Amino acid sequence: MNSILGHIVYTGTDVLENVYVNMDGSTIASLTPEPAGTPAGEYAVITPAFIDAHSHIGMVRAGEPSAEAETNERMDAMLAHADALDSIQMDDHGFVDSIESGVLYSCVVPGSGNIIGGRSAVIRNYGKNTNDALIRRAGIKAAFGYNPMSTREWKGTRPFTRMGALAILRAKLHDVRQKMAKEQAKEDADVTYTAEELTLKSLLVGTDRLRVHVHKSDDIAALLRFVDEFGLKVTVEHTCDVHEVEIYRELKARGIPVIYGPMDTLAYKVELKHENWRNIKYLIESGVEFGLMTDHPVILQKMLFFELRWFLRMGFSKQQALEIITRKNAEILGIADVLGTLAPGKWASLVCWNGDPFALENYPLAAYGEGRLVYQEA
């Protein structure tokens, strides 16, 4: 067992002083005032490993031309059975930069050019290959609003309007629901599903969650109509154009979480015309459950921590801010049983700092992923 001393330890729920994090193999055994094992280092601050809840890292790769990016498959508007993991390349240098900055975990999703883009993958950024990197799944990516109607020149059946995009999705879900009804009533013993239909069926029966790219309030309202019509479990992702509190209050009332961001980026399309960092006051005021993303490479994943400064300006404590990219992201992604807080039984995944992480001159000296040293400052 190895014991690392932190003079300040942010656990993801509390702030402790002069505490040893005792690591037994890949997990945390205890947090104690005295070492429970072999002393293995002393640091000014220890935090949980950071988690990016929505990114395209490994699909859009540093040092490669944009023509080789694999965020969106352009052959059709509906590709529910596609898998983001199949397009991730772990030799993307973005992973190295992220680990050095304390971001050890990513939820990678297909892009938003398609109505449904495919399955997500929650990964270790320090994985040797994609099989080694995969932790678990966190839903199916979809897109409402401007993006699906902006890809008219791509192959396959493409919408020209929001109503066209949602008509395509509604028809697909309707067809699968009809098959399910026949199957249940045993009217047709030979009901069969395509690979895409099996994925859509998983959404309709609630075993998968729909992860929906959406920025504007009225597009969120359209999504809520789909939730009512088809009984879908969803997360709402982005929402950067939302500039009033009401729609967030409705999401809170329905128990629908938000993965917010990316912040600190150019408002590069009309549906972001109201985008402003101050919009987070509506997110906070509503009380809705929320996490934070980079949408890498829109914001480089290594900059995830720096987005927290806006929440400090809104009155969050440092611990509350850190919770967003640790505990809260883990809870929304369904990985809180192993990540998000420094607690006995969870993975020993943590970042060791030379000083207060919120001071610009400070940086990580080491990072541990599941008890293994995955980064050390030279």
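All of the numbers you see were taken from the coordinates with simple rules; none came from a lab. What you are looking at is a predicted structure, and each value in this text was computed from that prediction instead of being measured. So basically every Cβ, Gly included, is an ideal-geometry build from the backbone, and we count neighbours across all protein chains shown.
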Please go through the residue pairs Lys172/Lys216; Lys155/Lys216; Lys141/Lys172; Lys269/Lys328; Lys172/Lys328 and name each one whose alpha carbons sit more than 21 Å apart in this structure.
Lys172/Lys216; Lys155/Lys216; Lys269/Lys328; Lys172/Lys328
DSSP-defined beta bridges in segment 50-339 - what % are antiparallel, rounded to 5
30
Over the chain, with a Gaussian network built from C-alpha contacts below 10 Å, which listed residue (Lys155, Lys233, Lys216) shows the highest mean-square fluctuation?
Lys155
What is the set of long-range amide H partners of Thr11 at a cut-off below 5 Å, with H atoms built 1.01 Å from backbone N?
Leu16
Inter-site label distance for Leu373 and Asp24 at 7 Å from Cα along Cβ, in nm
2.3
Could you identify which residue out of Ala181, Ala267, Ala49 has the top mean-square fluctuation in a GNM of the chain using Cα springs shorter than 10 Å?
Ala181
Which longest run of the chain has no exposed loop site in it, a site being GluC sites (Glu not before Pro) in a DSSP loop with at most 16 other beta carbons within 10 Å, and the site itself not part of the run?
1-152
Mean residue ellipticity (222 nm) of the chain, computed from DSSP H runs ≥ 4 via -39,500 (n - 2.57), nearest 500
-7000 deg cm²/dmol
Amide H contacts of Ala62 (H built 1.01 Å from N, under 5 Å, at least 5 apart or other chain):
His93, Gly94
Using only the Cα atoms of the chain, construct the convex hull and provide its projected area averaged over every direction, in square nanometres to one decimal.
19.4
If the cut-off is 12 Å between C-alpha atoms, which aspartates and glutamates fall inside it for Lys302, apart from same-chain ones fewer than 8 positions away?
Asp52, Asp97, Glu100
Starting at the first residue of segment 296-307, write each ³J(HN,Hα) from the Karplus equation 6.51 cos²θ - 1.76 cosθ + 1.60 with θ = phi - 60°, in whole Hz, x for Gly and Pro.
2, x, 4, 10, 4, 4, 5, 9, 3, 4, 6, 5
